[in-house]
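Notes for the one structure printed next.
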Amino acid sequence: MTKTLHHRACHLCEAICGLTIETTEVEGRVQITSIKGDAQDTFSRGHICPKAVALQDIQNDPDRLRQPMRRVGREWQPIEWEDAFNLVAERLAAIQKRHGQNAVAVYQGNPSVHNYGLMTHSNYFLGLLKTRNRFSATSVDQLPHHLTSHLMYGHGLLLPIPDIDHTDFMLILGGNPLASNGSIMTVPDVEKRLKAIQARGGKVVVVDPRRSETAAMADQHLFVRPGGDAALLFGLLNTLFAEGLTRDSHLPVDGLEEVRAAVASFTAEAMSPLCAVPAEQIRQLARDFAAAPTAVCYGRMGVSTQAFGTLCHWVVQLINLVTGNLDRVGGALCTEPAVDLVASTSGGHFNL
Ligand code: SF4
């Protein structure tokens, strides 16, 4: 019996936790015998959740598919990989030739963006398919993030993320990181990281129509009317402008005066009936956010999958920008990923 330790990453979710996987070989057959969090991983620091522990059940399952299968009548027959690739290519080409490019649709699940191979190569394949029918975890719940980045920063994937490990004030809207393990911010062991904000004297504020797991551990929870987040955000932005709570950004910025004029009538008092948060609480939240040495406003799925999703994300970015927290330690930071899709892709389009 030979035991081997492998250091790998879990790509089931965005947290990308480091894993230590122990395999045992008995008479030429290799089995996973344990999966643990990798304490040597400087990012996840040993964190693991039950999903990764259960990976060994998938790997070891005797019914797991280990080669392509082709359906023939009511039967499934094993075929070689080469034959499977040829079959798929022939059928895709034939379908598109007969019914048009858009007759083929693609769905990419969440782990596909946590996988180097798919991240670096799927665009080439999808580019060849030339279908407009592309769906993914992105199209399900986060396109307002990308549209906002496309319009504000010139690239749909230039997504500033909260600097959770350095911020003094984290305002969360429409997100429940304790359940999601953090989304569009890549934070393994997010609970420990949120508690660390509180431990260093900072504050976590959650805006959510329900008392989520994250709201329950926050310093303050504001119950917002479902779909009322845009009104609350506009009330915050208006207060920042009206009460002189803004800070200059080191970034080159165009159009801020137009924004100031556009939101001039969206006072906390005017927005309060729309979001069901008292005006004084909206104003105080804006003051607390601006007074913190560093702060970050983070909006996620709950403020995306709603009628005003893009407006919400636009104002989230503006709040970070006008308080000087965009592209700043402790605020919202642009990333420097190993595979830089911002540098290597065109930036997308929204047929605007
Ligand atoms: S939080 Fe769980 S599912 Fe997500 S990367 Fe870590 S171990 Fe995997």
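No lab work stands behind these numbers, since they all come straight from the coordinates. Just so it is clear, the structure is predicted and the values come from calculations on it, not from any experiment. Please note: Cβ atoms are built from the backbone with ideal geometry, for glycine as well, and neighbour counts cover all protein chains shown.
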key: Prolate/oblate/rounded call for segment 153-333, Cα gyration tensor, a/c under 1.5 rounded   = rounded
query = Points 7 angstrom from Cα along the Cβ direction at ASN102 and SER34: gap in nanometres?
reply = 5.5 nm
query = Amide H to amide H under 5 Å from ASP168: which residues, 5+ apart in sequence or cross-chain, H placed 1.01 Å off N in plane?
reply = THR294, ALA295
ask   = Where the centre of each part is set by its Cα atoms, how far does segment 70-138 sit from segment 223-237, in angstrom?
value = 41 Å
Among 258-267, 78-87, 144-153, the order from most to least packed when residues are scored by Cβ within 10 Å on average = 144-153, 258-267, 78-87
ask   = Pulled fully out, how much extra length does the chain show between ALA262 and LEU128, if you take 0.36 nm times their separation in residues and subtract their Cα-Cα distance?
value = 44.0 nm
Estimated vicinal HN-Hα couplings, Hz - segment 135-144 in sequence order (Karplus 6.51, -1.76, 1.60; Gly, Pro = x) = 10, 6, 4, 5, 5, 6, 9, 9, 4, x
query = Give me the log10 of I(q) over I(0) for segment 2-60 at q = 0.21, 0.28, 0.29 Å⁻¹, as the Debye formula computes it from C-alpha points; what are the numbers?
reply = -0.75, -1.13, -1.18
query = How large is Rg/Rh for segment 65-127, to two decimals, with Cα atoms and a Kirkwood Rh?
reply = 1.02
query = In what order do PHE125, PHE308 fall by count of nearby beta-carbon atoms within 10 Å, going from fewest to most?
reply = PHE125, PHE308
ask   = For the charge dipole of the chain, defined by +1 on Lys and Arg C-beta atoms and -1 on Asp and Glu C-beta atoms about the Cα centroid, which residue among ILE16, HIS99, ASN320 has the Cα displaced farthest towards the positive pole?
value = HIS99
request  = Would you order VAL204, VAL315, VAL104, VAL72 from fewest to most other beta-carbon atoms within 10 Å of each residue's own beta-carbon?
outcome  = VAL72, VAL104, VAL204, VAL315
message = Show me the three semi-axes of the equivalent ellipsoid for segment 35-141, from the C-alpha gyration tensor (sqrt of 5 times each eigenvalue), largest first, rounded to whole Å.
response = 32, 22, 12
note = Partner lysines whose C-alpha sits under 24 Å from that of LYS97, ignoring same-chain residues fewer than 8 away, are LYS130
note = Two pseudo-spin positions, 7 Å from Cα along C-beta at ASN115 and at LYS192, lie apart in nanometres by 2.8 nm
Cα-based Rg of the chain normalised by 2.2 N^0.38 Å, two decimals = 1.15
task = Would you mind computing the Rg to Rh ratio of segment 81-224 from its alpha-carbon coordinates, Kirkwood style for Rh?
result = 1.12
task = Using DSSP, restrict attention to beta bridges with both residues in the chain and report what percent are antiparallel, rounded to the nearest 5.
result = 60 percent
Charge sum, other residues only, whose C-beta stays under 15 Å from ALA39's C-beta, Lys/Arg counted +1 and Asp/Glu -1 = 0
